[in-house]
Amino acid sequence: MALSYKARKRWALVVLLVGLPIYIVAAVFVVSLFDRPPSWLELIIYAVLGFLWMAPFRKVFLGVGKADPDADPASYPHDPAGKYALKDDEE
C-alpha cells in the first residue's frame with residue numbers, strides 16, 4: 001500500500017522531529033562507548049551515521065518538497081494575489 005502525499009508529508013515531519021533527535025542521541029552514545037578516535041575518523045563516522053539514518057525512510061521523504069500531485073492545480077494557492085503571474089505584453 002503506497003502512502004498518500006499528505007501521509008508521507010506527516011510521516012516525514014514525525015521522522016525529522018522525533019526520530020532524528022533519538023537517532024543522534026543513540027549515535028553519540030554508541031560512539032562514546034569506544035575510545036575517542038582521531039578527529040578525522042570521528043568526522044567520517046558521524047557522516048556515515050548521518051546518511052544511514054535516512055536510508056530506511058527514503059520512500060517517506062521522496063517528493064515531499066514538491067507540490068501535491070493529487071491536488072487540483074486551479075485550487076492550489078501558488079500565487080493567490082497574482083503578483084508573479086506571467087503577463088502577456090499588450091501592444
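The values are calculated or read from the model by the stated rules, or taken from the named source; none is laboratory data. Fair warning: this is a prediction, and the values are worked out from it, not measured in the lab. We work out accessible area using only protein heavy atoms, side chains counted, and drop any ligands, DNA or RNA first. Shrake-Rupley method; radii C 1.70, N 1.55, O 1.52, S 1.80 Å.
Odds and ends about this structure:
- What region 1-56 shows is 82 Å² of accessible area per residue, with the surface traced by a 1.4 Å probe over protein heavy atoms.
- Ligands, DNA and RNA excluded, the heavy atoms of Phe57 present near 70 Å² of accessible surface to a 1.4 Å solvent probe.
- Computed over protein heavy atoms with a 1.4 angstrom probe, the accessible surface ordering of Trp11, Trp40, largest first, is Trp40, Trp11.
- Debye log10 I(q)/I(0) for region 14-70, one point scatterer per Cα, at q = 0.19 Å⁻¹: -0.76
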